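Below: one structure, written as structure tokens.
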């Protein structure tokens, strides 16, 4: 069930307040909500645009990856309840097929050794980049090198890249502390069983959404037709059983219990995200 939980962790990313509740007082400011996936995508596009402009100033090419439409960029979460999207894309296995892989890596490899070193230094500081460190909620330390145009772009968006990195690892790592409890939660497991009965009645006998999508992804036309049929049944059953609402509510419950330990960092991460989005809208248009 580990893979299923990893996917489930994204169910509430765009809707729940996350790590909220606990000792909320009437006089407190409303806690920031997570960015929607559309907002996150625009921030990512702005980061690419700012990085490209910086790299161009240093005399290097840099390719922005904006090949997918907004609709194609929609993430496929553990609970997939968009029937129209499923009817067109299935679980998304063919989205981006045939697109060039890592064009910037190919460009870098085409450079001479000296220019390649200069490219690295311009992009992320090269060997001289500073190292950021962040503590994981589950224990241990996560490190990341930061410098060059990458740091410039993140500073323009977030203000303090180090604080954003540190709080992002907290916000994204908290789920590991309640994963086993969530996947065994009686309300969630009851909703998944209801989903499974609905799927069985539709001729799709799968235990949970992750099993369904893992079973049907294929490269052939016939395989893609099967993928779309299963994805449509999956989304339809998710709607009929209110699986998304249950998953969101139960994950919020477990997040609330960790508010005292991690709430401040999660709130800071989300505030920095909203700051980045406000700046991103002045840098790039939303994808169409």
> Does the stretch 164-181 contain at least one residue that is closer than 23 Å to residue 51 by Cβ, in a loop (DSSP other than H, G, I, E, B) and at pLDDT 95 or above?
Replying inline: no
> Would you call residue 246 surrounded by 17 or more Cβ atoms within 10 Å (Cβ to Cβ) and over 22 Å from residue 80 (Cβ atoms)?
Replying inline: no
>> As an exercise: evaluate residue 138 against (1) under 30 Å from residue 275 (Cα atoms); (2) surrounded by 15 or more Cβ atoms within 10 Å (Cβ to Cβ); (3) out of contact with any strand residue (DSSP E or B) (no Cβ under 9 Å at 6 or more places or on another chain) and give the number of the one condition it does not meet.
In response: (2)
> If you scan the stretch 201-241, which residues turn out to be at pLDDT 95 or above, over 14 Å from residue 80 (Cβ atoms) and surrounded by 14 or more Cβ atoms within 10 Å (Cβ to Cβ)?
Replying inline: 202, 207
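The values are calculated or read from the model by the stated rules, or taken from the named source; none is laboratory data. Please read all numbers here as calculations on a predicted model, not as lab measurements. Using ideal geometry, Cβ is built from the backbone for each residue, glycine included, and neighbour counts are taken over all protein chains shown.
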